[in-house]
Each structure stands twice: as C-alpha cells, then as structure tokens.
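The block underneath contains the structure these notes are about, expressed in structure tokens.
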Amino acid sequence: MDLTWLTVSGVVIGILVFSFKVSLGCGLASISRREMLSIAAGYLVISLFMGMAIELLPENTLSFALNTGMAVHLLVALLLVALGIITAKRWNSHCHDISRKTFWALSLPCPACLAASFISCSFLAGMVEIDTWKIGLSVGLLFFFSIAAFSTILRRIKANPSSLGRAMIILGLFYILSILLIPAYISCQKISFLSPGSSAAEIVPSYLMILSLMALGFLGRRWGVFS
C-alpha cells in the first residue's frame, strides 16, 4: 500500500476513535442537542486553526508536545477515573445527575489527543501537496460529522448518568494501562526478561500501579459505583 494512503487512513482512524471518546460524553450526559453540536463545531474550528498553524510552529514545539504527552495523558486518565467515580456514585446512591458538570472530561479537547492529531496532520502535510488549511478543514469536518453521528446514536440508548461514569472510569483505566503497557512492550524488544542488574526503583512502580488498579476496582464496588 502507498505510504501516503497508509498515513491518511491512520489519521482518519485516529480521528474516529477520538470522536467516539468525545461522543461518549456528549451522548451519555444530560445536555441538549444544540450543546452537542456546539462542541462538535468547536472541534471543527480548532482543527482549522491547527491546519493554519502547521507551517508556523517550529519543530521544537512538536518535540515538546511529544515529551510532555505522557504526563498530560496520565493527568487526564486520573481525572477521568475520579470524575467517573463521583458521577456514578452520585446517581447510584442519591439519584443525583451531575453529568452536565463532569462530561467535559470526556468531551472537551484533550491536550494529549490534540497534540497527537496535530503531529499526524503535520506529517501528512509534508507528504501531500495540499494547503495545510485544507487539511485542517478536512479534519475538522470529519470531527464534526463523526461526533454528531456517534452522539446521536448514543443518545438513543437513553442511558442513565451511571453509564457515563462507568465509561469515564473504563476509559481512564485504559489510559493508565496504555501508559504501563506501551513502555513495557518497547522494553521487551530489547530484553527478554529482567536483567540481574534491575533495581527496585524500576520494578516497584509497575507493581504499585497494578495494585492501585485492583484496589480501585474493589473500592468502586464497595462504594456502589458499579452497582
């Protein structure tokens, strides 16, 4: 397959996955259709500005975005888990709907995801002879229509706020696991097992993270989050 088409398909798939994440918040929260379309339109505008900025930002800005992406990814993951627990617990325990106050963690632009989309579009712009603003507009239109379509489908499910909370928790845990698994996979390409010189400082954090996830699942069940 031609490298250009492979890159385009990768960018499209990434945008669709990102759009589905946004749609989980818009479709499961208690917001109006106009508010949902406003969020979708916001992504169109942001994408257009990203396309216009591709040729203006220096390369060291992209390097900085890559270096800080993991830290931002972890912060977003922890925020999703925390707000997901609060949203589900408030509904399961008191039938209090706070989804309008917490859905933004899923639906508003995530710095890490936007940085990844920007880098992908920058790479694509270097391969095709198309004005960068046109790439940004195409990405924005895809964002708009996919968010509108996914959100409409999810709104027909008529789920309660607990469903939004569980979706936030699952996505947050997936983010945390990706932070653990991706570096571990890269390390496995270099070594088949722990070397004799591995220090406790390299091993303990991974075990603590796994134990924390197990403890979070136990506490979530005890607090009525998953009831």
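The values are calculated or read from the model by the stated rules, or taken from the named source; none is laboratory data. Since the structure is predicted, the reported quantities are computational estimates derived from the model, not experimental observations. FYI the Cβ positions are ideal-geometry reconstructions off the backbone, even for glycines, and counts take in every protein chain you see.
Return the residues of region 1-38 that are of a type in the set (A, V, I, L, M, F, W, C), free of Cβ contacts under 8 Å to residues at least 24 places away in the same chain and under 17 Å from residue 104 (Cβ atoms); say none if nothing qualifies. The answer is none; no residue qualifies. Annotation: of all residues in region 25-46 being surrounded by 20 or more Cβ atoms within 10 Å (Cβ to Cβ) and out of contact with any Phe, Trp or Tyr (no Cβ under 8 Å at 6 or more places or on another chain), the one that is nearest to residue 134 (Cα to Cα) is 39. Residues of region 146-169 that are under 30 Å from residue 56 (Cα atoms) and free of Cβ contacts under 8 Å to residues at least 12 places away in the same chain: none at all. Can you tell me which residue is modelled with the highest pLDDT among those in region 37-92 that are under 14 Å from residue 179 (Cβ atoms) and small (Gly, Ala, Ser)? The selected residue is 77. Given the condition of a type in the set (Val, Ile, Thr), within 20 Å of the chain's Cα centre (by Cα) and under 21 Å from residue 150 (Cβ atoms), answer yes or no: does some residue in region 75-82 qualify? Within region 75-82 (the criterion being of a type in the set (Val, Ile, Thr), within 20 Å of the chain's Cα centre (by Cα) and under 21 Å from residue 150 (Cβ atoms)), the answer is yes, since at least one residue qualifies. Only one of the numbered conditions (1) aromatic (Phe, Trp, Tyr); (2) at pLDDT 85 or above; (3) farther than 30 Å from residue 6 by Cα is not met by residue 218, and that is (2). Scanning region 142-163 for residues that are in a loop (DSSP other than H, G, I, E, B) and either surrounded by 19 or more Cβ atoms within 10 Å (Cβ to Cβ) or of a type in the set (A, V, I, L, M) (or both) yields 157, 159.
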